[in-house]
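Structure first, then comments.
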Amino acid sequence: MSNYSKQTNWGQFIPLVTVFFFWGFVAASNDILIPVFQKAFKLSQTESMLVQICFYVAYTVGSLIYMAVSKGLKQDLINKIGYKNGLILGLLISAAGTLLFYPAANMASFPLMISGLFIVGLGFSLQQIVANPLAIEVGPTETGSQRLTMAGGINNLGTTIGPLLVSFAIFGSASAANTEASIESVKIPYLMLGAAFVLVAIMLKFSSLPAITPTNTKDTDDAVPGDHKTSAFQYPQLVMGMIAIFVYVGVEVSTASNLPAYMEKSLGFETKDVAPYISLYWASLMIGRWTGAVEAFDLNAGFKKILRFLAPYLAFGVFLLVNAIAKHDLSPFYVYGAVIIVMIICDIMSKGNPARMLLIFSVAGIAALLIGMFTSGMVSVYAFTSVGLFCSTLWPCIFALAINGLGKHTNQGSGLLIMMIMGGGIVSLIQGYIADLTTIHMSYVVGVICFAYLAFYAIRVTGILKSQGIDLDKISKGSGH
């Protein structure tokens, strides 16, 4: 792709990242809907995971529809309609999905509710396909990955705020006596969300975002010398990376999805009191990604080192601030500042090498889950929550490793990786099923298995890329999904 600007165009980047915010807002808000739907529709833990199945499988279905339409047009759909129109279309599709919440609430229909989420996810899949490369196009290539990491941090601002706002809309303030939610209370926040989608679509229409899509005219960019493969599937780093994205999104989503049920059934929490902890989980991803976004700014090396320590605590401060505004008791969360130090140490140990970072953070994720499984009370809650810290940088590491060396097959590889976001729904369903068979506490073994594969991939892909003559220390990490 050619860059049309030598400097980051912040006037284009800022409206663009609003869609990253929405992805996070809705994804994390689903974790509040799960216990609400579970009680209202008398669902098992497995059945309640259909919320995540419908939302995340929509990414795969949307990608397949995109590929089919492009094939029918004999031209890439986004290349035909342009970046701006692609984003607007995706937002309007998602807005249409939120409209289903009104009749679904009136009819108390669970199938209609999750159908609405599915359509929202379809719109998000198109937005994902457009927004990730566009974030690179609004500035120089060498800082493109840092802009994507920054966009991932905005995504996690949405995941931090989403559960709190949706919980407030359904239950009222933290001091309110209301502990139960009717399905009727769900429709208003999602209709408001749909209105926000439309407003942002209008804003983008009149923004300075490029109407046309720059195309990659170099067939062999970054390709391995002498390599003439005819498909992205012929690259083992991509095929194994597709599985890695599947299990990564799976462990990230399923850890949070099953946390409300664990806290309610095992620790006696009310549903309305779980929201701050879900917010902390998703804020943990923001904490890690804000640290990685430091490189996107033109600052001297010494100041960047200082920011690497300050950025995670600034992000943690955002979490504390929004919870203070929501009138939640902050005293249970101060101890989490010590847990953040572990993430900073892991980041320093990785030395910026994506394979090393993937290995270290995956091992740390396994340790966090095992501590959570073999302890109880708030220690287990903080352990499960800290999984967010160790998931924070995994998407960019996997993405960078998986598409490296693909050359002209890079776009195809990127699309295939986005399809694997469906792991968020499928792994959540598997963990819910294991929870019904055993206990929610022990069901987190599913996450341990996911992290174990990621550690294996980190080791295996190192050998694969080195055999292709690729220097792992020069691979730039990508973004959070």
* Residues of segment 432-445 that turn out to be more than 14 Å from Val387 (Cα to Cα) and either crowded, with 23+ Cβ neighbours inside 10 Å or not aliphatic (A, V, I, L, M) (or both), as a count -> 8
* Candidate set: segment 356-365, residues that are hydrophobic (A, V, I, L, M, F, W, C) and farther than 18 Å from Ile245 by Cβ; chosen: the one most open to solvent (accessible area, probe 1.4 Å) -> Val363
* In segment 93-115, which residues are crowded, with 19+ Cβ neighbours inside 10 Å, modelled with pLDDT of 95 or more and small (Gly, Ala, Ser)? -> Ser94, Ala95, Gly97
* Check segment 381-390 and report whether any residue there is surrounded by fewer than 21 Cβ atoms within 10 Å (Cβ to Cβ) and part of a helix (DSSP H, G or I). => yes
* Given (1) under 20 Å from the mean Cα position of the chain (by Cα); (2) within 22 Å of Phe384 (Cα to Cα); (3) open to solvent by less than 30 Å² (accessible area, probe 1.4 Å), index of the condition Val318 fails -> (3)
* To do: Kindly list, by first and then second residue, each pair from a residue in segment 73-84 that is free of Cβ contacts under 8 Å to residues at least 12 places away in the same chain to a residue that is aromatic (Phe, Trp, Tyr) and buried (at least 21 other Cβ atoms within 10 Å of the Cβ), limited to pairs with Cβ atoms under 7 Å and residues at least 6 apart or on different chains.
  => Leu77/Tyr66
* **Index of the failed condition, Thr271 passing every other in (1) hydroxyl-bearing (Ser, Thr, Tyr); (2) open to solvent by less than 70 Å² (accessible area, probe 1.4 Å); (3) modelled with pLDDT under 75** => (3)
* Structure fact -> Checked segment 28-47 for anything open to solvent by 10 Å² or more (accessible area, probe 1.4 Å) and of a type in the set (Gly, Ala, Ser); matches are Ala40, Ser44
* Residues being within 16 Å of the chain's Cα centre (by Cα), crowded, with 24+ Cβ neighbours inside 10 Å and at pLDDT below 85: count how many of those fall in segment 398-429. => 1
* Sort out for me the helices (runs of 4 or more DSSP H) sitting completely within segment 1-83 that have 1 or more residues that are closer than 17 Å to Ser94 by Cα and at pLDDT below 85. => 10-40
* In segment 446-460, residue most open to solvent (accessible area, probe 1.4 Å) [restricted to those that are of a type in the set (Phe, Trp, Tyr) and more than 19 Å from Gly372 (Cα to Cα)] -> Phe456
* Subset of segment 443-468 (residues that are at pLDDT 95 or above and aliphatic (A, V, I, L, M)) -> Val445, Val446, Val448, Ile449, Ala452, Leu454, Ala455, Ala458, Ile459
* **Selection from segment 278-305 of residues that are surrounded by fewer than 24 Cβ atoms within 10 Å (Cβ to Cβ) and either at pLDDT 90 or above or not in a helix (DSSP H, G or I) (or both)** => Phe297, Asp298, Leu299, Asn300
* **Residue match in segment 363-374 (condition: closer than 25 Å to Ile154 by Cβ and touching a residue at least 40 places away in the same chain (Cβ under 8 Å))** => yes
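The values are calculated or read from the model by the stated rules, or taken from the named source; none is laboratory data. Predicted model only: the values in this text are computed from it and were never measured. So basically every Cβ, Gly included, is an ideal-geometry build from the backbone, and we count neighbours across all protein chains shown. SASA here: full protein model, heavy atoms, side chains in, ligands and nucleic acids out. Shrake-Rupley method; radii C 1.70, N 1.55, O 1.52, S 1.80 Å.
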